[in-house]
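Working notes, beginning with the structure itself.
The values are calculated or read from the model by the stated rules, or taken from the named source; none is laboratory data. What you see is a predicted model, and the numbers here were worked out from it, not measured in a lab. A quick note on method: Cβ atoms are made from the backbone with ideal geometry, for glycine too, and the neighbour counts reach across all protein chains shown.
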Amino acid sequence: MKNKFLLSLFCLFTTLAFSQSSNYAITGKVTDKDAGIPLEYATVTVTDVNNAQDVEGGITDMEGNFRVEVPQGEYNIKIEYISFQPITLKRTLNADLNLGTIQLEFAASDLDEVTVVAETTTVDIRLDKKIYNIGKDLTTAGGTVSDALNNVPSVSVDVEGGISLRGNENVRILINGKPSALAGFGSTDVLRQLPADAIERVEVITSPSARYDAEGTAGILNIILRKEKTLGFNGSINGSLGNPDLASISANLNLRTDKFNVFNTTSYRYSSSPGNGYFDTRYNTTDDITPTYERIIEDRDIQRLNRGFNTNLGLEYYLTDRSSITGSVFYRNGNDVDETTNLTQSFNNSAPVLETSRIERQKEKDDRYQFALNYINRFNDEGHQLTADLQYTTSDETQNTFINEDITLNTENTDPIIAERLLSIEKQDEYLVQADYVLPFGEGSQFEAGYRGTFENEVTDYRVNQEQIANSNNFVQNDTLTNVFDYTENVNAVYTQLGSKFGKFSVLAGLRLENTQLKGQIGSALTEAELQDIYGFEINTDFDNNYLGLFPTLNLTFELNERENVTLGYNRRINRPRGWFLNPFPDRSSRNNVFQGNPNLQPAFANAYDLGYLKRWDKLTLTSSVYFQRETESFEVVQEIIELQGQGSNTNGNTVIRSIPVNLSSNERLGAEIGLLYNPAKWLRLNGSFNFFQFNTEGFFNNVDYSAKNTSYFARFSSKVSLPWSIDWQTNAFYRGAAQNAQSDTDGILSVDLALSKDLFDDKATISMNVSDLFNGRKRSQVTTNDLFTRDSEFQWRQRQVNLSFVYRFNQRKNDRQNNRQPSMNDDDDGGDFQG
């Protein structure tokens, strides 16, 4: 029996080996005949001459190379690329065949008849990321980059503009593969000012390879901005008007010759963003704390006026056919005015004893500059290249805040509430040095290595001046609140990775070594002991922490066929606390609810696993994945009651709810997501996604157990219908399910966007109208409960928005795909891309 079994195995392996040996490889490279550059995603179709139903094929990689294996026989080999004239070759195959370089010519006469894939969002799958090429999204016309991100699968933007990936807010934002002032030094404020039409594509990197920063336990969002690559002068101008008040205008201009490429994006945006908030807090008496009031109700009305000017000017100069140098400068000026009115009622014995009207007026001016220099040298057509980047970013932000609170009811004769004038001056500087080297070798293998250094310093000078009771026109600085926080973050990283393909199996393995230095100096009139007495925990006013970490990554792909594959990824990540999470001085936006940083916060580390599946049909694309992440020393913002002493008469002796970030022991996250892109007809395009996740948090802070298990989900759906008379209609719907953590229950949120557009002037212009948040439902409703208090709250960052937009294109059409024929030497990507 054993001999028969061994004989069967031998026959099976012999058959497989014979089958493999009877296949021959057809290889080659596809390039643009005029420009001489490789064409990525060109289609190669191999058809048996004697059997038209027997078809094999594939697509070219980023260097234009392809490989198709077929048995011995006679074949027609067709090479196609959108907007180019196809080529068909007839060959008899009885050995491996190398077709060499195949040059395609641009089919200018067929431009108007081309079916344009870019009309809708499409997805490309790489070993370490998904690339969403942003189509003509009508619902974001006149909107911002944040609005556009909210329509990308796996990504969600909350009511305060916070960006999360698969429900995890610790996501790293990159612009063109690098940290950037456009992303606001880790803040998302600037993304709410940049126009949405500046985006070309978004790379969702849930399993980052070693070439990327280890920062961000959720992963990375890499936003690639548009840069036209067509010869000559061309561009577009976009203007929008909206209600609540919105006026914006932006221009994308490009001049390209054979020797250089000049590109510019300039925009100005004026917008009013009314919001509101409601907080109803009921306090409990404990052995340790007797609250001043048994109940406090705050009703907030928020009026924001945002004015922002952005411009990005760059020059790419081609040193040779294979090398170029690009210099660019980015400038942003922000001039915002916010006014928050907070009506507060304080109760004892179920009766109001104190009513106040608090008005906070804040003026903020922000100037940001970024200077960048990029060099790239492609040594050959196979992908051997070297890139180097230098970048300097600086930002100056000044906030002047005047807080005045009038007592409208006072039955207990409490002390008067003094007015405050706050001045915050924030200076940020960041340097980036980066080099990446890519070396292909053998058949389908690639070696990469590189270095990245980021050196950031942030100084916040915070001054509090308070009204004198005896003389209301005289303000004196409160030294117990005034402080200077000097924060430095230096990260040096080196990496290496190796990618290779073995038949239908591809592997990309890498290792990244990062050294992180987090330094902080707190300048205050108070000693460390006095700060500890006031805030209730030990505070180190001069800290210098160093962390050296290894971050391995592994990404695997198995191609079941050319339209179906399975991926598996593993990576180790780090979550570094930002400066505002470390600054121990609380904000002054409310007397009863404050946020306070924690200088003792340590970085969190996570191990993440991702299993994905992709299937493409002619009109349908399915993407799905299951993921698991375990994070140690995870961040959690906890809420507790404290008594702030010695902080001035406004808070002296009051019980205050403090929100503070702390390190808990662990956080485990398990989830699954599925996405569908379906184009059943030319006039109808549908896409949807569903993400389900559960996380389990364990840990104690101040002897309170904050362990919790939370299950939630979010789903989105989009449909686009092409109507007669060149009218398009688009509907987007997003729903975030209810969520829970150790202290709070949050209700679900439904948001629906509608848009209509019509093309004019022979497709040179488009007019569109859209409604964002049709039912005005993007509100965070939450109930927070613990032994000390119960709070019901509702917060809305921005109300329903209606926009009317008009875009005019010159020397380019809405359906123009010529930008594919001459890609820039600098493809705005972060290092080379290995594809299986």
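How about region 502-517: which of its residues are at pLDDT 90 or above and in contact with a Ser or Thr (Cβ under 8 Å, 6 or more places away or on another chain)? Result: Val507, Leu508, Ala509, Gly510, Leu511, Arg512, Gln517. Given the condition more than 30 Å from Thr482 (Cα to Cα) and either without any contact (Cβ under 8 Å) to a residue 60 or more places away in the chain or loosely packed, with under 15 Cβ neighbours inside 10 Å (or both), answer yes or no: does some residue in region 415-432 qualify? Within region 415-432, not a single residue is more than 30 Å from Thr482 (Cα to Cα) and either without any contact (Cβ under 8 Å) to a residue 60 or more places away in the chain or loosely packed, with under 15 Cβ neighbours inside 10 Å (or both). Among the residues making up region 64-90, those that are at pLDDT 75 or above and either on the phi > 0 side of the Ramachandran plot or assigned to a loop (DSSP other than H, G, I, E, B) (or both) are Gly64, Gln72, Gly73, Gln85, Pro86. Screening region 723-738 for residues that are closer than 15 Å to Leu760 by Cα and either surrounded by 15 or more Cβ atoms within 10 Å (Cβ to Cβ) or among the polar types (S, T, N, Q) (or both) and picking the one that is modelled with the highest pLDDT gives Asp728. The sole residue among Leu319, Leu313, Leu354, Leu343 that is within 18 Å of Gln796 (Cα to Cα) and in the same structural domain as Gln782 (by TED's automatic domain parsing) is Leu343. Within region 668-693, the set of residues being of a type in the set (A, V, I, L, M), surrounded by fewer than 18 Cβ atoms within 10 Å (Cβ to Cβ) and under 22 Å from the mean Cα position of the chain (by Cα) comprises Leu670, Ala672, Ile674, Leu676. Number of residues in region 573-607 that are part of a strand (DSSP E or B) and either closer than 12 Å to Asn663 by Cα or touching a Gly at 6+ places or on another chain (Cβ under 8 Å) (or both) equals 5.
Among the residues of region 248-274, what is the count of those that are under 12 Å from Gln801 (Cα atoms) and in a strand (DSSP E or B)? Outline the logic, then answer.
So in region 248-274, the residues under 12 Å from Gln801 (Cα atoms) come out as 271-274.
Applying the additional criterion that residues be in a strand (DSSP E or B) yields 271-272.
Going through region 248-274 one residue at a time, the tally reaches 2.
One residue alone among Ala681, Ala672, Ala738 is free of Cβ contacts under 8 Å to residues at least 24 places away in the same chain and in the same structural domain as Val807 (by TED's automatic domain parsing), and that residue is Ala681.
I'd like the residue in region 807-818 that is in a strand (DSSP E or B) and surrounded by fewer than 17 Cβ atoms within 10 Å (Cβ to Cβ) and, out of all such residues, is modelled with the lowest pLDDT. Lay out the reasoning, then the answer.
So the first thing to find is which residues in region 807-818 are in a strand (DSSP E or B), and the list is 807-810.
In the following step, the residues that additionally are surrounded by fewer than 17 Cβ atoms within 10 Å (Cβ to Cβ) were identified as 808, 810.
Working: Tyr808: 89, Phe810: 81.
Checking each candidate, the answer is Phe810.
Here Tyr375 meets the list (1) in contact with an Asp or Glu (Cβ under 7 Å, 6 or more places away or on another chain); (2) more than 20 Å from Asn306 (Cβ to Cβ); (3) surrounded by 15 or more Cβ atoms within 10 Å (Cβ to Cβ) almost entirely, failing just condition (1). Would you mind stating whether Asn222 is part of a strand (DSSP E or B) and at pLDDT 85 or above? No.
Residue pairs whose Cβ atoms lie under 9 Å apart, separated by 6 or more positions or on different chains, with the first residue in region 204-220 and within 10 Å of Phe551 (Cβ to Cβ) and not assigned by TED's automatic domain parsing to the domain that holds Gly612 and the second in a loop (DSSP other than H, G, I, E, B) and among the aliphatic types (A, V, I, L, M), are Pro208/Ala214. Exactly one residue out of Ser707, Ser718, Ser712, Ser666 is at pLDDT below 90 and closer than 30 Å to Asp618 by Cα, and it is Ser718.
Restricting attention to strands (runs of 3 or more DSSP E) lying wholly within region 449-544, give those where 2 or more residues are more than 30 Å from Leu422 (Cβ to Cβ) and touching a Gly at 6+ places or on another chain (Cβ under 6 Å).
Details: elements: 475-477, 483-502, 505-524.
Answer list for region 449-544: 483-502, 505-524.
Take Gln532 and tell me if it is of a type outside the set (Val, Ile, Thr) and either out of contact with any strand residue (DSSP E or B) (no Cβ under 9 Å at 6 or more places or on another chain) or touching a residue at least 60 places away in the same chain (Cβ under 8 Å) (or both). Yes; evaluated as a whole, the condition is true for this residue. Among the residues that make up region 607-628, is at least one of them closer than 15 Å to Phe537 by Cβ and either in contact with a Lys or Arg (Cβ under 9 Å, 6 or more places away or on another chain) or at pLDDT 85 or above (or both)? Taking every residue of region 607-628 in turn, none turns out to be closer than 15 Å to Phe537 by Cβ and either in contact with a Lys or Arg (Cβ under 9 Å, 6 or more places away or on another chain) or at pLDDT 85 or above (or both). Of all residues in region 312-336, those satisfying the criterion of being surrounded by fewer than 16 Cβ atoms within 10 Å (Cβ to Cβ) and of a type in the set (Val, Ile, Thr) are Thr320, Val329. When each of Asn457, Asn474 is tested for being surrounded by 14 or more Cβ atoms within 10 Å (Cβ to Cβ) and of a type in the set (S, T, N, Q), the lone residue that passes is Asn457. Going by the structure shown, is Glu467 assigned by TED's automatic domain parsing to the domain that holds Ile417, surrounded by 17 or more Cβ atoms within 10 Å (Cβ to Cβ), acidic (Asp, Glu) and farther than 30 Å from Tyr212 by Cβ? Yes: the conditions hold for Glu467. The combined condition, being of a type outside the set (Gly, Ala, Ser), within 19 Å of Asp389 (Cα to Cα) and surrounded by fewer than 17 Cβ atoms within 10 Å (Cβ to Cβ), is not fulfilled by Leu343. Does Arg716 meet the test of being under 26 Å from Glu631 (Cα atoms), among the charged types (D, E, K, R) and crowded, with 16+ Cβ neighbours inside 10 Å? Considered against the rule, which asks whether it is under 26 Å from Glu631 (Cα atoms), among the charged types (D, E, K, R) and crowded, with 16+ Cβ neighbours inside 10 Å, Arg716 comes out as no.
If you check Ala95 against the conditions, is it modelled with pLDDT of 85 or more and outside any strand (DSSP E or B)? First the steps, then the outcome.
Details: modelled with pLDDT of 85 or more: yes; outside any strand (DSSP E or B): yes.
Yes; evaluated as a whole, the condition is true for this residue.
Total residues in region 567-593 satisfying the condition of being more than 25 Å from Asn168 (Cα to Cα) and touching a helix residue (DSSP H, G or I) at 6+ places or on another chain (Cβ under 7 Å): the figure is 0. Being surrounded by 15 or more Cβ atoms within 10 Å (Cβ to Cβ), in contact with a Phe, Trp or Tyr (Cβ under 6 Å, 6 or more places away or on another chain) and free of Cβ contacts under 8 Å to residues at least 60 places away in the same chain, is that true of even one residue in region 396-414? Taking every residue of region 396-414 in turn, none turns out to be surrounded by 15 or more Cβ atoms within 10 Å (Cβ to Cβ), in contact with a Phe, Trp or Tyr (Cβ under 6 Å, 6 or more places away or on another chain) and free of Cβ contacts under 8 Å to residues at least 60 places away in the same chain.
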